[in-house]
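Asks: This structure is in structure tokens; I'll ask about it shortly.
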Amino acid sequence: MAKILPKGLYVPLPVFFNDQDEIDYEAFAKHARFLPVVSASMGEAVHLTPQERVKLIQTLRNALDSIGLQETPILAGVGGNSTRETIQLARDAAAAGANFALVIAPGYWASYLKGNPAATRKFFVDVAAASPIPVVIYNFPPVAGGIDLGSDDVAEIARLAPNVCGIMLSCGNVGKLARVAALLGGTSFTTLAGLIDFLLPSVVVGSAGAISPLPNIAPKFSMKLWKLTQNLETKADFKNAQFAQGVASLGEAALLKSGVPGLKSLLNKQFEYPATPRSPLMAYGDVDGLSKNRYIGEILELEETS
């Protein structure tokens with residue numbers, strides 16, 4: 001039986017690059033105080049070499065251990081465009097210190113896989129069978145060529161691959177999340193929302209948490225929202241959670257619209273981390289305008305009082 005993926009909020013850590021387009025490992029380690037997901041979409045996974053992925057995991061593990069967070073798990077993106085490559089990335093991640101492998105469908109072959117769901121399911125089953133660490137499915141159609149697993153697909157993969165321990169549904173489909181949670185309820189399978197944008201409704205139907213870039217800029221506010229969703233005993237509790245959810249949804253939407261460059265520009269303004277993404281992405285142009293965005297500004301104000 002696979003190790004259980006803990007409930008809570010997961011934060012995709014950005015990777016910072018210096019003026020020579022090399023990774024700034026010191027800045028990365030400094031930022032690694034949040035529950036870490038490394039080499040995901042917000043971490044520019046497709047821009048990283050296998051060697052860089054390994055070093056980032058090692059850097060993250062050392063950074064967490066140095067501040068007494070030895071038990072904090074690392075969830076590492078291991079997406080590749082073939083089963084063989086993905087398995088090797090999972091093995092590399094495990095050797096470097098990752099606890100879970102985050103696996104996305106190989107989008108390069110989307111035109112074939114979307115018409116052959118059995119091949120997509122087999123990809124996840126085969127990767128899980130060979131991975132030395134538990135596998136978390138990453139269902140994120142926009143960065144997987146439109147491949148979108150259905151709830152029955154997820155249940156079948158979980159049945160055939162006991163090393164698959166959970167899923168992150170960045171497709172944003174609350175109905176699918178409810179179906180997956182219902183189909184796999186009572187097992188060790190963990191179902192997570194793929195954005196904080198729909199955390200409250202997802203918790204109501206069985207989600208154990210979410211992955212979101214928002215805690216990168218507002219960790220205290222994000223944790224406040226999480227705690228509110230875990231205490232919905234009264235109408236007042238629900239109303240408080242509903243208000244915080246609305247703020248988070250509007251703020252995350254503005255952040256996602258700006259993409260990786262926007263997130264990095266905000267972190268540069270807050271913490272002076274390098275703001276430039278790796279090419280072909282370009283630095284965000286209107287940094288002041290983004291920081292003054294009504295919804296992001298509201299979140300940053302609430303962050304100060306959370």
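All of the numbers you see were taken from the coordinates with simple rules; none came from a lab. These figures come from a predicted structure and were not determined experimentally. So basically every Cβ, Gly included, is an ideal-geometry build from the backbone, and we count neighbours across all protein chains shown.
Asks: What order do you get for 168, 282 when you list them from fewest to most C-beta neighbours inside 10 Å?
Replies: 282, 168
Asks: Treating only the Cβ atoms of Lys and Arg (+1) and Asp and Glu (-1) as charged, compute the dipole magnitude of region 81-172 about its Cα centre; round to the nearest 20 debye.
Replies: Numbers: 6 positive and 7 negative charges, 23 e Å.
The dipole of region 81-172 has a size of about 120 debye.
Asks: Among 165, 171, rank each residue by its count of other Cβ atoms within 10 Å, from fewest to most, as a rough exposure measure.
Replies: 171, 165
Asks: Placing one identical point scatterer on every Cα of region 8-218 and ignoring solvent, what is log10 I(q)/I(0) from the Debye formula at q = 0.12, 0.14, 0.15, 0.17 Å⁻¹?
Replies: At q = 0.12, 0.14, 0.15, 0.17 Å⁻¹ the computed log10 ratios are -0.57, -0.79, -0.91, -1.18.
Asks: Scan around residue 102 for amide H atoms under 5 Å from its own, H built in the peptide plane at 1.01 Å from N, and keep only partners 5 or more places away or cross-chain.
Replies: 76, 77, 78, 136
Asks: Next up: What FRET efficiency comes out for the pair residue 116/residue 204, r = Cβ-Cβ distance, R0 = 45 Å, nearest 0.05?
Replies: On the way: r = 34 Å, r/R0 = 0.77.
Once the sixth-power term is evaluated, E becomes 0.85.
Asks: Another question, if that's okay. Can you show me the helix-derived [θ] at 222 nm for the chain, built from DSSP H runs with n ≥ 4 at -39,500 (n - 2.57) apiece and divided by the number of residues, rounded to the nearest 500.
Replies: Roughly -15000 deg cm²/dmol at 222 nm, from the helical runs in the chain.
Asks: I would also like to ask the following. For region 8-218, what is the charge dipole size about the Cα centre, in debye to the nearest 20, if Lys and Arg each add +1 at the Cβ and Asp and Glu each add -1 at the Cβ?
Replies: 580
Asks: Which listed residue (9, 265, 177) has the Cα farthest towards the positive end of the charge dipole for the chain, taking +1 on Lys and Arg C-beta and -1 on Asp and Glu C-beta about the Cα centre?
Replies: My answer, from the dipole projection, is 177.
Asks: Let me ask something else about it. Would you mind ranking 183, 75, 263 so that the residue whose beta carbon has the fewest other beta carbons within 10 Å leads the list?
Replies: 183, 263, 75
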